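Undergrad: One structure is given below, represented as structure tokens, and several questions about it will come after.
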Amino acid sequence: MLPRALAPRRARVLTLVAGLLGLALLAGCAQSVDPIERLSKKAAQRVRPHEPATSAEPAYRRWGLALPLPPAPRVRARPPAARTAGPGLPPVVDRVRTRDRVVFLTYDDGAEQDPRFVDMVRELRLPVSLFLTDSVVGPGYGHFARLQAVGARVQNHTLDHPALRGLPYAGQRAEICGQQDKLTSRFGIRPRFFRPPYGTYDTNTLRAAADCGLSAVVRWRASLEGGGTLTYTYGEPRLRPGDIVSVASGESTGLTLVKRTTRLLRETQERGLTVGRLEDYL
Ligand SMILES: [Zn+2]
């Protein structure tokens with residue numbers, strides 16, 4: 001117990017400490033809110049994209065980049081559609097024919113559900129596409145709804161991730177249409193793109209994709225491995241305008257999705273490129 005004479009002084013000190021703590025907490029809360037959200041619409045228009053004006057450290061630095069990621073150029077007209085294998089069949093694309101200095105980031109399967117990746121997509125305004133497989137996402141659709149809410153687009157990658165090539169039409173159709181229905185009911189949108197698991201397909205895949213209402217079959221030229229390095233299916237072994245990059249997920253031995261994405265963005269910037277939205281080009 002304290003002597004009676006010291007008690008009022010102790011009370012004053014405690015009040016002061018409590019006040020300072022309160023101020024610190026308030027400051028902490030204020031910083032954790034996205035600065036853009038706190039600005040009026042008019043003020044927000046004056047802020048350079050990707051660089052919140054009121055933050056001590058710009059978003060791009062928080063995510064390990066040396067430079068801001070410029071917004072993709074506005075797409076005035078879609079590039080001419082890629083050739084198809086026959087009438088009524090969707091085109092199969094692994095890159096987009098464009099001179100815009102953009103690459104496209106596509107994430108497969110849906111195994112990694114790191115909340116930090118949602119923050120990264122929101123803060124960097126990354127226009128990513130997510131190709132989801134129902135059996136891999138499992139009960140994790142809420143995570144992808146959060147990604148959709150911050151600008152990601154959801155696309156179809158089958159119910160159960162089989163290699164489709166050689167399977168009967170009915171089985172392929174069930175895999176593709178089944179996931180199409182699931183994604184439509186989960187996300188309130190009907191995906192336009194289909195990515196065949198392992199990139200392998202045949203004419204039945206194209207017929208089934210068309211019959212399920214999909215308008216393009218999307219493969220990739222570049223693929224980001226678990227260790228964060230890019231490999232290429234053909235052509236120049238470096239990122240070029242129009243490249244579609246597939247980011248596989250669920251590789252437990254590799255870097256986290258956030259770290260791999262940072263590496264990919266650095267390489268994108270080193271090549272003088274930025275990230276475009278695939279849905280604007282196909
Ligand atoms: Zn896959």
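The values are calculated or read from the model by the stated rules, or taken from the named source; none is laboratory data. On a predicted model such as this, the values are computed, not experimentally measured, just so you know. Here the Cβ positions follow ideal geometry from the backbone for every residue, glycine too, while neighbour counts run over all protein chains shown. The area values use the complete protein model at the heavy-atom level, side chains included, leaving out ligands, DNA and RNA. Shrake-Rupley method; radii C 1.70, N 1.55, O 1.52, S 1.80 Å.
Undergrad: Being surrounded by 17 or more Cβ atoms within 10 Å (Cβ to Cβ), within 16 Å of the ligand (Cβ to nearest atom) and under 21 Å from Cys212 (Cα atoms): is that true of Leu105 here?
TA: It is false that Leu105 is surrounded by 17 or more Cβ atoms within 10 Å (Cβ to Cβ), within 16 Å of the ligand (Cβ to nearest atom) and under 21 Å from Cys212 (Cα atoms).
Undergrad: Would you check if Phe117 is closer than 30 Å to Pro139 by Cβ, in contact with a strand residue (DSSP E or B) (Cβ under 8 Å, 6 or more places away or on another chain) and of a type outside the set (D, E, K, R)?
TA: Criteria not met by Phe117.
Undergrad: Another question about this same structure. For the subset of the range 182-208 comprising residues that are within 16 Å of the ligand (Cβ to nearest atom) and of a type in the set (S, T, N, Q), which member is surrounded by the fewest Cβ atoms within 10 Å (Cβ to Cβ)?
TA: Taking the candidates together, the pick is Thr200.
Rundown of residues vs (1) over 11 Å from the mean Cα position of the chain (by Cα); (2) open to solvent by 30 Å² or more (accessible area, probe 1.4 Å); (3) of a type in the set (S, T, N, Q), yes/no style:
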site	(1), (2), (3)
Thr133	yes, no, yes
Val136	yes, yes, no
Gly140	yes, no, no
Gly151	no, no, no
Val154	no, no, no
Tyr169	yes, yes, no
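Undergrad: Next question, about the same structure. Filter the range 111-130 down to residues that are at pLDDT 95 or above and within 16 Å of the ligand (Cβ to nearest atom) and give me whichever is nearest to the chain's Cα centre (by Cα).
TA: Once the filter is applied, the top-ranked residue is Val128.
Undergrad: Restricting attention to the range 182-203, report how many residues are assigned to a helix (DSSP H, G or I) and over 25 Å from the mean Cα position of the chain (by Cα).
TA: 1
Undergrad: When you check Gln179 against the structure, is it part of a helix (DSSP H, G or I), surrounded by fewer than 21 Cβ atoms within 10 Å (Cβ to Cβ) and in contact (Cβ under 8 Å) with a residue 40 or more places away in the chain, yes or no?
TA: no
Undergrad: Also, I was wondering about something else. Please specify each residue of the range 226-247 satisfying the condition of being within 16 Å of the ligand (Cβ to nearest atom), touching a residue at least 12 places away in the same chain (Cβ under 8 Å) and surrounded by fewer than 18 Cβ atoms within 10 Å (Cβ to Cβ).
TA: Those that are within 16 Å of the ligand (Cβ to nearest atom), touching a residue at least 12 places away in the same chain (Cβ under 8 Å) and surrounded by fewer than 18 Cβ atoms within 10 Å (Cβ to Cβ): Gly226, Thr233.
Undergrad: With respect to Arg165, determine if the residue is open to solvent by 30 Å² or more (accessible area, probe 1.4 Å), outside any helix (DSSP H, G or I), more than 12 Å from the ligand (Cβ to nearest atom) and closer than 15 Å to Phe131 by Cα.
TA: no
Undergrad: Name the pairs: first residue in the range 76-99 and within 13 Å of Arg277 (Cα to Cα), second residue modelled with pLDDT under 90 and in a loop (DSSP other than H, G, I, E, B), Cβ to Cβ under 8 Å, at least 6 apart or on different chains?
TA: Val96/Pro79; Thr98/Pro79
Undergrad: Give me the residue from the range 70-101 that is modelled with pLDDT of 90 or more and touching a Ser or Thr at 6+ places or on another chain (Cβ under 6 Å) and, out of that set, farthest from the ligand (Cβ to nearest atom).
TA: Selected residue: Pro70.
Undergrad: For the range 118-147, name all the residues that are farther than 24 Å from Arg266 by Cα and not in a loop (DSSP other than H, G, I, E, B).
TA: Within the range 118-147, Leu132, Asp134, Ser135, Val136, Val137, Tyr141, Gly142, His143, Phe144, Ala145, Arg146 qualify.
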